[in-house]
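K.L.:
Got a structure for you, written out below as structure tokens; questions coming shortly.
The values are calculated or read from the model by the stated rules, or taken from the named source; none is laboratory data. Note that the coordinates shown come from a computational prediction; the quantities given were computed from them, not determined experimentally. Glycine also receives a Cβ, built like all others from the backbone with ideal geometry; neighbour counts cover every protein chain displayed. Areas reflect the complete protein model, heavy atoms only, side chains present, ligands, DNA and RNA absent. Shrake-Rupley method; radii C 1.70, N 1.55, O 1.52, S 1.80 Å.
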Amino acid sequence: MKSKKLGKLYKDREIIVKQGDKGKCLYVIQEGRVDVIHETPEGDKKVAELGESDFFGEMGLFEHDVRSCTVRAAGEVRILTIDKRNFFKSINRDSSLAYRLLEKMSNRLREANEKINNP
């Protein structure tokens, strides 16, 4: 991993966010990969794998609700955390960020609907 990045380094299988915890920021993967896990009484289910430039936790920017999934490092990973204040500053500098975020959220909703309708 490059050491010049600003984000935090997580070790393999380290929990980045825990399902059920309160959320208030967005995470951007600078290097590496993460697994998105939905915890159920029947066991854990991997619902996604995200890599470099992907993000997660975006709902925490808009609502201070609990995390819907656990996100765990899949190998060594470097993650940049962006709080609401810094996110809005970034959007003021580059409004296309808001569009890209909404586009990704829309895609995720479409994929979730597809899984629900075609299990």
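K.L.:
Within the stretch 33-97, which strands (runs of 3 or more DSSP E) (wholly inside it) include 1 or more residues that are open to solvent by less than 80 Å² (accessible area, probe 1.4 Å), modelled with pLDDT under 95 and in contact with a Ser or Thr (Cβ under 9 Å, 6 or more places away or on another chain)?
P.N.:
34-40, 77-83
K.L.:
May I pose another question? Quick check on the stretch 98-119: of everything there that is part of a helix (DSSP H, G or I) and among the polar types (S, T, N, Q), which residue is most open to solvent (accessible area, probe 1.4 Å)?
P.N.:
Asn117
K.L.:
Here's a follow-up. Across the stretch 9-32, which residue is surrounded by the most Cβ atoms within 10 Å (Cβ to Cβ) among those that are modelled with pLDDT of 95 or more and among the basic types (Lys, Arg)?
P.N.:
Ranking the qualifying residues of the stretch 9-32, first place goes to Lys18.
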